[in-house]
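Engineer: I have a structure I would like to understand better, so I am pasting it below and will then ask my questions one at a time.
The values are calculated or read from the model by the stated rules, or taken from the named source; none is laboratory data. These figures come from a predicted structure and were not determined experimentally. Counting neighbours? That spans all protein chains shown, and the Cβs are built from the backbone with ideal geometry, glycine included. Remember, those area values only see protein heavy atoms, side chains included, never the ligands or the DNA or RNA. Shrake-Rupley method; radii C 1.70, N 1.55, O 1.52, S 1.80 Å.
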Amino acid sequence: MDGGQFVPQAGASGLTSYINAKWQFNANGMYQAPYGIDVSANVFGRQGYPFPLFRQSTAANMGADSGLQVLVTPTMDYFRYDNLWDTDLRVARVFKFQRVNVRAIGDLFNVFNANTVLVRNNNLGAPAGTFNTIAQNLSPRIFRVGLVVGF
């Protein structure tokens, strides 16, 4: 749209999203606690991506241009998804055995178990009951345990 917000389209795994955020935030830090325990955190946030509403054109109303998607909102970023916030934590400690170092790691992803919607069906002409259905959301809280062995 002439003079409108530039919103590049990205697609993966059959999903289409429109990448554009006017602000983004990322902070991380680590604290070395007693007994050689490392505690670290990462906080990420960004403005929700645009949620443009469109309708797939048909041969009946567009003729040769029937493959076009017609934007039905005034601008690409007229609607946006909710802002995305994610916090991850890590606790780690190194254990030394002669010439072998073993690092035990515990990671907690999506600490607050946010269920933020990332992609919805934005085609107004989609089959009945499928418009606005969730296609992708933020992964749930995950705890991972790991070992790194060094010689």
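Engineer: Add +1 for every Lys or Arg and -1 for every Asp or Glu among the other residues with Cβ under 15 Å from the Cβ of Asn42, and state the total.
Structural biologist: Details: positive: Arg46, Arg90, Arg141, Arg144; negative: Asp38, Asp86, Asp88, Asp107.
With Lys, Arg at +1 and Asp, Glu at -1, the neighbours total 0.
Engineer: May I ask you to compute the full-extension gain from Leu68 to Arg141, defined as 0.36 nm times their residue separation minus their alpha-carbon distance, rounded to one decimal in nm? Can you show the working numbers first?
Structural biologist: Working: separation 73, 0.36 × 73 = 26.28 nm, distance 3.89 nm.
Fully extending the segment from Leu68 to Arg141 adds 22.4 nm.
Engineer: Considering only protein heavy atoms and a 1.4 Å probe, what is the carbon-and-sulfur percentage of the accessible area of the chain?
Structural biologist: On the way: 5760 of 10160 Å².
Carbon and sulfur together cover 57 percent of it.
Engineer: Over region 2-47, give the accessible area per residue in Å² for a 1.4 Å probe, as an integer. All intermediate terms of the calculation are to be shown ahead of the outcome.
Structural biologist: Numbers: 3210 Å² over 46 residues.
On a per-residue basis, 70 Å².
Engineer: Counting only helical runs of four or more DSSP H residues, what would the 222 nm mean residue ellipticity of the chain come to if each run contributes -39,500 (n - 2.57) and the total is spread over all its residues?
Structural biologist: Working: 1 runs with 4 residues, N = 151.
Helix contribution divided over all residues of the chain: -500 deg cm²/dmol.
Engineer: Less than 10 Å Cβ to Cβ from Met30, Lys/Arg counted +1 and Asp/Glu -1: what total charge do the surrounding residues give? Show your work: numbers first, answer last.
Structural biologist: On the way: positive: Arg90; negative: Asp38.
With Lys, Arg at +1 and Asp, Glu at -1, the neighbours total 0.
Engineer: Computed over the Cα atoms, what is the radius of gyration of the chain divided by 2.2 N^0.38 Å, N being its residue count?
Structural biologist: On the way: Rg = 22.5 Å, N = 151, 2.2 N^0.38 = 14.8 Å.
For the chain, the normalised Cα radius of gyration is 1.52.
Engineer: While we're on this one: Applying a 10 Å radius around every beta-carbon, put 108-115, 126-133 in order of their mean neighbour count, most first. Present the calculation step by step, with values, prior to reporting the outcome.
Structural biologist: On the way: 108-115: 14.0, 126-133: 10.1.
Top to bottom by mean Cβ count within 10 Å: 108-115, 126-133.
Engineer: Which loop trypsin sites (Lys or Arg not before Pro) in region 68-151, with loop taken from DSSP, have no more than 10 other Cβ atoms within 10 angstrom of their Cβ? Write down the numbers at each step before the final one.
Structural biologist: On the way: sites: Arg80, Arg90, Arg93, Lys96, Arg99, Arg103, Arg120, Arg141, Arg144; in loops: Arg99, Arg141.
When the trypsin sites (Lys or Arg not before Pro) of region 68-151 are filtered for loop state and at most 10 Cβ neighbours within 10 Å, Arg99 remain.
Engineer: Given +1 on the Cβ of Lys and Arg, -1 on the Cβ of Asp and Glu, and no further charges, what dipole in debye does the chain carry about its Cα centre, rounded to the nearest 20? Could you put the intermediate results ahead of the total?
Structural biologist: Working: 12 positive and 8 negative charges, 142 e Å.
Rounded to the nearest 20 debye, it is 680 debye.
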